[in-house]
Amino acid sequence: MTEGGNAAGQYVRFQSPHRNSRGNFTGVFGLVNNLAREGRLTDGQESFRRRNNSWYDAAYADPSAVDPHVYDDEINPGAAAWFKWSATHLLARVPGYLEILSAHGVACRTLRSSNPGRVIYEDAVQVVVVPYVLDATTVHGSSETHP
């Protein structure tokens, strides 16, 4: 997010570099929520997570509330949400989540792409896509990994 503009792509996603048990790449919010479920967050981190998760819930639509099948693995295998680069008000809060992951040694990769996959949902701030290739490391224009 230190780049000015969107030369590497008009969409950005923050996700684990490793597949989860379902074969997908867990996004940044899921990674932090997993730490919370495991009871691993400090009081301050948990406060940040709750406050910011609530803010995000109010700031933009949950695609699965609009289309309950959007993340159905049989219908849309590997479906993943990407922020539009123009959603700067949403992207501005992501570094706090990345800091939590870093503090717990959980890797998170930033991916940027102008064409991350077949769009199955879109609104003003995000798209949900089925990736053209399920290996996210071969699909996207640029990426960086956060420790």
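The values are calculated or read from the model by the stated rules, or taken from the named source; none is laboratory data. Model, not experiment: these values are computed from the prediction. With ideal geometry, Cβ positions are generated from the backbone for all residues, glycine too; neighbour counts draw on all protein chains shown. To get the accessible areas, we keep the full protein, side chains included, count just its heavy atoms, and leave off ligands, DNA and RNA. Shrake-Rupley method; radii C 1.70, N 1.55, O 1.52, S 1.80 Å.
Brief remarks follow.
- Among the residues of the stretch 61-85, those that are open to solvent by less than 50 Å² (accessible area, probe 1.4 Å) and either in contact with a helix residue (DSSP H, G or I) (Cβ under 6 Å, 6 or more places away or on another chain) or of a type in the set (Phe, Trp, Tyr) (or both) comprise VAL70, TRP82, PHE83, TRP85.
- The residue pairs whose first member lies in the stretch 28-53 and is under 23 Å from THR110 (Cα atoms), whose second member is of a type outside the set (S, T, N, Q) and open to solvent by 50 Å² or more (accessible area, probe 1.4 Å), and whose beta carbons are closer than 8 Å, counting only pairs six or more residues apart or on different chains, are GLN45/ALA103; ASN52/ARG93.
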